[in-house]
Amino acid sequence: MTEDGTSQAARDVRDAQDTHDTQAAGGAGDGPARAATQDRTAPATQDGTPRAAQDGTSQATGHGTSRAAGDAPHVTDHGGGVWAVKVPIPDNPLGHTLVHVLDTDRGPVLIDTGWDDPASWDTLVAGLDALGTAVTEIHGVVITHHHPDHHGLSGQVREASGAWIAMHAADTEVVVRTRSSEPGVWFDYMSAKLAAAGAPEEHIAPLRAARASGRMRTLPGLRAAVPDREIVPAELLPLAGRRLRAIWTPGHTPGHVCLHLEEQHPAQLPGNGRLFSGDHLLPGISPHIGLYEAPEDTRVTDPLGDYLDSLERIGRLGPAEVLPAHQYAFTDAPARVRELLDHHEERLTGLLRLLAEPLTPWGLAERMEWNRPWEQIPYGSRNIAVSEAEAHVRRLVKQGRAEAVPGTDPVTYRAL
C-alpha cells in the first residue's frame with residue numbers, strides 16, 4: 001500500500017483509465033501515445049516546445065504575430081481572421097492544444113476547444129478576451145476529432161454560448177459509445193484485448209482486480225458533449241463569409257477531419273489555401289495510430305492503411321500553410337507527408353525483421369523502438385503502444401508481408 005492507502009494496482013488502473021486507450025470506451029489518450037512516437041528531428045526546449053514555436057510564429061515562414069500581456073494566454077494572429085490560443089493540457093508533455101479561432105460573418109467559430117480542465121477553460125476564455133471577443137459570442141465549434149484535448153471543452157462552450165458543435169459521424173459514434181459505457185465493460189474488454197495481444201498476467205491483474213472490487217471510477221470522456229451537427233467529407237461547412245471544406249482523414253481516429261480554408265493566404269504564400277490539420281499532420285510528431293473497435297465489433301480494420309492513404313491525399317492538396325493543433329504552423333506539407341510515409345515504411349520494415357521469429361503484438365511492442373526504453377514506459381502508455389503495434393502488424397498482414405501463425409493462442413505473427 002502507498003502512503004495514501006492506495007494500492008499500486010489501483011494506481012496502475014488509474015493510469016490506464018486516464019490514458020483511456022483505444023478500446024471499447026472509445027478514446028485514445030494523446031499525450032502518452034505521442035510521447036512514445038515523437039520524431040527525433042524536431043528541436044525542442046526542456047518542456048518539449050519546439051524552439052521556433054516559443055514566440056508563437058510559424059517556424060517555416062515567420063508569419064503570425066503573438067500577443068500576450070502579463071499573465072494573459074499566448075495568442076497568435078495568423079492573419080486573415082484566424083488566430084490561435086494555446087490552451088494547456090494538464091500533466092502532459094505535449095503542453096497545449098492550439099485552439100484556432102476563425103472569424104465569420106455570424107461570429108467567431110472555434111476549431112477544437114482544449115482539455116476539460118478549469119485552468120484550460122480559464123485560458124481559453126482569457127484568450128478570447130484578448131482577441132476582443134467572449135466565449136458567449138462563439139457561433140460554432142468544429143472538432144477535428146474526439147480526443148479530450150480537442151473536444152473536452154466543447155460542451156462548456158456550448159452551454160456558455162449556445163454554439164453548435166460539429167464532428168464527423170464516425171467520431172460522434174465513439175463519443176456516444178463512451179458516454180453509454182459502464183466502467184465494468186471497459187475493464188472486461190481491456191483485459192480480454194490485452195490477453196489476446198499476449199500481455200503478461202501481471203499487467204492484466206490490476207484491471208481484473210479493479211473489476212472485481214466494484215469500486216471503479218467513471219470512464220474518461222463520459223461527459224464529452226454529443227455533437228449536434230455532422231461534418232460531411234468534401235462539403236463546405238456552413239460558415240458565413242468563409243470557405244472551409246472538410247477532408248476526411250481517418251487513422252488517428254476513425255472520424256478525424258482536416259479543414260481546408262479555401263482562401264488565398266494572407267501573406268500571399270504560394271500554395272492552395274491553409275489547412276487546419278488537427279493531429280493528422282504535425283511538424284515534428286508522428287501521431288499515434290491505434291485501434292477503435294467496439295467490444296462487439298468483429299471487423300478487422302486497417303487504421304494505419306487509412307492514415308497513410310489520408311496522408312497522400314493531403315500531400316496532393318498542397319496547402320500554402322498548415323495550422324496544426326500542436327507544436328507550430330509550417331509550410332511544405334508535401335515534404336512533411338513524405339517524411340511520415342517514409343517513417344512508417346521504415347517502421348514496417350523494422351517490424352518484419354522482428355517477425356523473423358513469431359511474436360505476439362505485446363512481444364512486438366516490447367521490441368519496437370520508442371523514445372524511451374520499454375521498462376520506462378508507464379502502464380497506460382504500454383496499452384497504447386501495444387495498440388499501435390497491432391495496427392502496424394495488421395497493415396503488414398493486409399499487404400501480404402506477414403501472417404498470423406495458425407493455432408496460436410494468444411495469436412502470434414510471422415514475416416512472409
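Full extension of the chain segment joining GLU263 with THR133 gains 44.5 nm, where the gain is 0.36 nm per residue of separation less the Cα-Cα distance. The fraction of accessible area contributed by carbon and sulfur in the stretch 285-416 is 47 percent, rounded to a whole number (1.4 Å probe; ligands and nucleic acids excluded).
Compute the distance in nm between two label points, each set 7 Å from the Cα along the Cα-to-Cβ direction, one at ALA192 and one at SER213. According to this spin-label approximation, the distance is 2.4 nm. In this structure the amide hydrogen of TYR413, modeled in the peptide plane, comes within under 5 Å of the amide hydrogens of LEU359, THR360, VAL405, none closer than 5 places in sequence on its chain. Mind running the shape call on the stretch 330-410? Use the C-alpha gyration tensor, a ≥ b ≥ c as the square roots of the eigenvalues: rounded below 1.5 for a/c, prolate if a/b tops b/c, oblate otherwise. Because a/c hits 1.5 or more and a/b fails to exceed b/c, the stretch 330-410 counts as oblate. Restricting to Cα pairs below 8 Å that are 6+ residues apart, what does the relative contact order work out to for the stretch 120-168? Please round to a whole percent. It rounds to 40 percent for the stretch 120-168. Taking a sphere under 9 Å around the Cβ of PHE330 and counting the other residues whose Cβ falls inside, with K and R at +1 and D and E at -1, yields a net charge of -1.
Taking K and R as +1 and D and E as -1, what net charge do the other residues with C-beta under 11 Å from the C-beta of MET167 add up to? So the surrounding residues net to -4. Relative contact order of the stretch 82-179, taken over Cα pairs closer than 8 Å and 6 or more residues apart, is 24 percent. The residues of the stretch 185-330 expose, per residue, 39 Å² of accessible area to a 1.4 Å probe.
Taking 15 Å as the cut-off, the amide N atoms of the stretch 105-121 that come nearer than this to a point 7 Å along the Cα-to-beta-carbon line of ASP91 belong to 116-120. With a simple spin-label model that places each label point 7 Å from the Cα along the Cα-to-Cβ direction, the separation between GLN399 and ARG313 comes to 2.1 nm.
Solvent exposure of LEU311, expressed as accessible area, is near 0 Å², computed with a probe of 1.4 Å over the protein chains only. For THR97, the residues whose amide H sits under 5 Å from its own are VAL87, ILE89, ignoring neighbours fewer than 5 places away on the same chain, with H placed 1.01 Å from N.
Distance between the 7 Å Cα→Cβ label points at ASP409 and ARG372: 3.7 nm.
Please give me the summed charge of the neighbours of LEU110: other residues whose Cβ is under 12 Å from its Cβ, Lys and Arg +1, Asp and Glu -1.
-2
Does the stretch 88-176 come out rounded, prolate or oblate, given a ≥ b ≥ c as the square roots of the eigenvalues of its C-alpha gyration tensor, rounded meaning a/c under 1.5 and, failing that, prolate meaning a/b above b/c? It is oblate, given that a/c is not under 1.5 and a/b is not larger than b/c.
The values are calculated or read from the model by the stated rules, or taken from the named source; none is laboratory data. This is a predicted model, so every value here is computed, not measured. Cβ atoms come from the backbone with ideal geometry, glycine included; neighbour counts cover every protein chain shown. Calculation scope for accessible area: heavy atoms of the full protein, side chains included, ligands and nucleic acids excluded. Shrake-Rupley method; radii C 1.70, N 1.55, O 1.52, S 1.80 Å.
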